[in-house]
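Worksheet: one structure, shown below.
The values are calculated or read from the model by the stated rules, or taken from the named source; none is laboratory data. Owing to the predicted nature of the structure, the values given are computational and were not obtained by experimental measurement. Neighbour counts run over all protein chains shown; Cβ positions are idealised from the backbone, glycine included. Remember, those area values only see protein heavy atoms, side chains included, never the ligands or the DNA or RNA. Shrake-Rupley method; radii C 1.70, N 1.55, O 1.52, S 1.80 Å.
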Amino acid sequence: MGAGLAFDERIETIFQQVRARNPGEDEFHQAVREVLESLGQVLAKHPEFAEQKIIERICEPERQIIWRVPWQDDRGEVHINRGFRVEFNSAIGVYKGGLRFHPSVYLGIIKFLGFEQIFKNALTGMPIGGAKGGSDFDPKGKSDNEVMRFCQSFMTELYRHLGEYRDVPAGDIGVGGRELGYLFGQYKRITNKYESAVLTGKGIGWGGSLVRTEATGYGAVYFVREMLKVRKDTLEGKRCVVSGSGNVAIYTIEKLQQLGARVIACSDSNGVVLHEKGIDLQTVKRLKEVERRRISEYASAHRDAKYIPEGNIWDIPCQVAMPSATQNEINGRDAKTLVKNGCLAVAEGANMPTTPEGVRVFQEAKIAYGPGKAANAGGVATSALEMQQNASRDSWSFEFTEKKLDGIMSYIHQTTWETAAEYGATGNYVAGANIAGFIKVARAMVALGLV
Ligand code: NDP
């Protein structure tokens, strides 16, 4: 970095270095660029961050672990998958972030998720660092026994890197209660310790927290409620569309319905269900949480619903859109369609579901746009509440825990709003989230010295 460069030029130089050092990791580059674009003024105000090369350090994971995961299917055939854990930053607390099992997983996906997690976790106000992990294993269509054998093999390496005071994973795409149970069982067996706080998202009967299952979806809806409140509006009667039909989508739909909104569509990777009367959540829960079936079957249970194979959910006119499936699911064209159709608010339950072009469209249209880092932080925040309960051998009521979640989401909204305003970007939650999260971690990194 040459002396005398303008701050934005310096940041561009850092970004080019990150890209060159991490070739082929497109999602990671995208996530880094989005954060770095917000930081020009921060370096101007805090020259110590530039002197200490905080941005360069924050873009380099503290540790990356990649390992072989061999397992046998029910017919005895041997399969080899790859396991990943990227421990990105532990300046403010233990490494914390979920595990994703999906065939699309490679290092670039885990690094984008781990990088985002640093700032998201800082925004919650809780003492948790950033990490992410997973595998290119596909749990879809596998028997319970196959999933168990895979999880046991995966944990047989991962366990040595984990610990209540070291690294605490949770679930993500493809990793729910079943998988976490098998992972925790193997950890407990190998270490001969009942170390509850080593994983979060556990079942209620074995160390889990009430509200953790609902937390990401509920939290994202609280975030929309807060964004609408600023605009003197509410969710009551709003026409909403929620992509996906997994953990985040289901509890997003539930809370939207509780707050009086009408959810008319959801989806999975095969297609979209449109139900003008309002999605029947019990059917979605039965199909997805119990029977592990496709969303197409919703239309067999509800004759007045329409199933659109390979449909684009963002073509459906709505006032509130909540992407809750996966990264880059809303592109520039989709964003334009949403705005043209009168969408007022977008809150991201998923991580990085909107492409940079889509984000620009939302910001130019000045609709309320809550990025995942802020809007979906309720999941990890409630994981931290689970760790608190584990540490004190306590378990809190649903009402008490949900109230804490609500308070945390309101705090995140307020922090991102105020930080954006302080940096001359009122209403820009992307800038607010990136700057507030970065400053908290950067200050801790300066205090801890060059480590
Ligand atoms: P689930 O596995 O429970 O559900 C994922 C849903 O998204 C499924 O309906 C799935 O459809 C769909 N989906 C996944 N990948 C794709 C794809 N490539 N194309 C289209 N649809 C896809 O995962 P979660 O609900 O836990 O996670 C959803 C999002 O929320 C992810 O971005 C995750 O990182 C983020 N998130 C999750 C948190 C949590 O607490 N679980 C916390 C914060 C963020 P299908 O079944 O057909 O694959």
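The spread of Cα positions in the chain, taken along each principal axis and listed from longest to shortest, comes to 66, 55, 43 Å. Protein heavy-atom accessible surface, 1.4 Å probe, per residue over the range 215-375: 39 Å². Dipole of the range 63-195 computed with +1 at Lys/Arg Cβ and -1 at Asp/Glu Cβ about the Cα centre; of Ile65, Gln186, Ile173, farthest Cα towards the positive end is Ile65.
Beta bridges from DSSP with both residues in the chain: antiparallel share about 55 percent, rounded to the nearest 5. Cys343 exposes around 10 Å² of accessible area when a 1.4 Å probe is run over every protein chain in place. Note on the range 215-375: with charges restricted to the Cβ of Lys and Arg (+1) and Asp and Glu (-1), its dipole about the Cα centre is near 300 debye.
From the Cα gyration tensor of the range 128-223, with a ≥ b ≥ c the square roots of its eigenvalues, which class applies: rounded if a/c is under 1.5, or else prolate if a/b is larger than b/c, or else oblate? It is oblate, given that a/c is not under 1.5 and a/b is not larger than b/c.
Quick one: of Lys96/Lys238; Lys277/Lys340; Lys96/Lys140, which pairs are farther than 27 Å apart, Cα to Cα? Violating the 27 Å limit, Cα to Cα: Lys96/Lys238. By its C-alpha gyration tensor, with a ≥ b ≥ c as the square roots of the eigenvalues, how is the range 395-451 shaped: rounded for a/c under 1.5, else prolate for a/b larger than b/c, else oblate? In terms of gyration-tensor shape, oblate. Loop-located GluC sites (Glu not before Pro) in the range 222-298 (DSSP state other than H, G, I, E, B) with a sparse environment of at most 14 neighbouring Cβ atoms within 10 Å: Glu236, Glu276, Glu291. Mean separation of Cα pairs under 8 Å and 6 or more residues apart, divided by the residue count, gives the range 221-300 a relative contact order of 25 percent. Stretching Ala44 away from Trp206 to a fully extended chain increases their span by 53.4 nm, per 0.36 nm per residue minus the current alpha-carbon distance. Model label points for Asp315 and Tyr194, set 7 angstrom from Cα along the Cα-to-Cβ axis, are 5.4 nm apart. Once you reduce the range 306-347 and the range 160-198 to the center of their Cα atoms, the two points are 35 Å from each other. Put a plus charge on the Cβ of each Lys and Arg, a minus charge on the Cβ of each Asp and Glu, and nothing anywhere else: the dipole of the range 2-59 about its Cα centre is then about 180 debye. What's the FRET efficiency of Ser269 with Val446 using the Cβ-Cβ distance as r and R₀ = 35 Å, to the nearest 0.05? Once rounded, the FRET efficiency stands at 0.20.
Rolling a 1.4 angstrom probe over the chain with all protein chains present gives an accessible area of which 50% lies on carbon and sulfur atoms.
The order of Ile253, Ile308, Ile408 by accessible area, most exposed first and with a 1.4 Å probe, is Ile308, Ile408, Ile253. Remark: spin-label model distance Asp74-Glu62 equals 4.2 nm, labels positioned 7 Å along the Cα→Cβ axis. With every protein chain in place and a 1.4 angstrom probe, the accessible-area ranking of Asp26, Asp136, largest first, reads Asp26, Asp136.
Listed cross-link partners Lys45/Lys336; Lys111/Lys403; Lys373/Lys403 are compared with a 28 Å cut-off, the Cα-Cα value being larger for Lys45/Lys336; Lys111/Lys403. Separation of the range 85-128 and the range 1-77 by C-alpha centroid, Å? What the calculation gives is 13 Å, centre to centre. For the chain, the Cβ-based charge dipole about the Cα centre amounts to some 500 debye (Lys, Arg positive; Asp, Glu negative; other atoms uncharged). Counting only protein heavy atoms and a 1.4 Å probe, the range 63-195 has 37 square angstrom of accessible area per residue.
The slack between Val230 and Gln52, meaning 0.36 nm per residue of separation minus the straight C-alpha distance, is 60.3 nm. Using a probe of 1.4 angstrom and keeping all protein chains present, the accessible surface of the range 2-59 works out to 49 square angstrom per residue.
Within the range 62-97, the trypsin sites (Lys or Arg not before Pro) that combine a DSSP coil assignment with at most 11 other C-beta atoms in a 10 angstrom radius are Arg75. Relative contact order for the range 260-397: what is it in percent, counting Cα pairs under 8 Å that are at least 6 residues apart? Relative contact order here is 17 percent. In the range 264-409, a dipole from Cβ-located charges (positive for Lys and Arg, negative for Asp and Glu) runs towards its positive end, and of Met352, Gln319, Gly342 it is Gly342 whose Cα lies farthest in that direction.
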